[in-house]
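Asker: My questions all concern the structure below.
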Amino acid sequence: MVDENEVNRWIARLETEESSWTNYERLAVLYAIRDQQSGSRERGLPMAYSAAPAPVSVETYGDSDFMRAVADVPPDKAWEIMDELMDSLKIVNERVYNSVIQKLKK
């Protein structure tokens, strides 16, 4: 039988390391070992996980016209549009552009 303290130490170590599929795989095995040893997991249906991020509601960020418009747009598309907007803003009003950049750096 694997030492419970050693399993917990490895879990703590891997949880602080950089995210990677290798670390996720190792953590999954360690969680399973820990749960099996402790008997804390109910027997029954397996737990299902998804790699997809949890949905975020518009209310999380605000209820402006922009937030409502961007709510259902994929993030990569939204950022592409925002990048174009910032390029235009830099040409039209560099002072406002610089102000936005400074706010993002804080």
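Asker: So how many residues does the range 58-106 have that are modelled with pLDDT under 90 and not small (Gly, Ala, Ser)?
Answerer: 15
Asker: Using beta carbons and a limit of 8 Å, which pairs, at least six apart or on different chains, have the first residue in the range 70-99 and in contact (Cβ under 8 Å) with a residue 40 or more places away in the chain and part of a helix (DSSP H, G or I) and the second one of a type in the set (Ser, Thr, Tyr) and exposed (fewer than 11 other Cβ atoms within 10 Å of the Cβ)?
Answerer: none
The values are calculated or read from the model by the stated rules, or taken from the named source; none is laboratory data. The shown structure was predicted, so the numbers you read here are calculated from the model rather than taken from an experiment. Cβ sites come from the backbone with ideal geometry, for glycine too, and all protein chains shown count toward neighbours.
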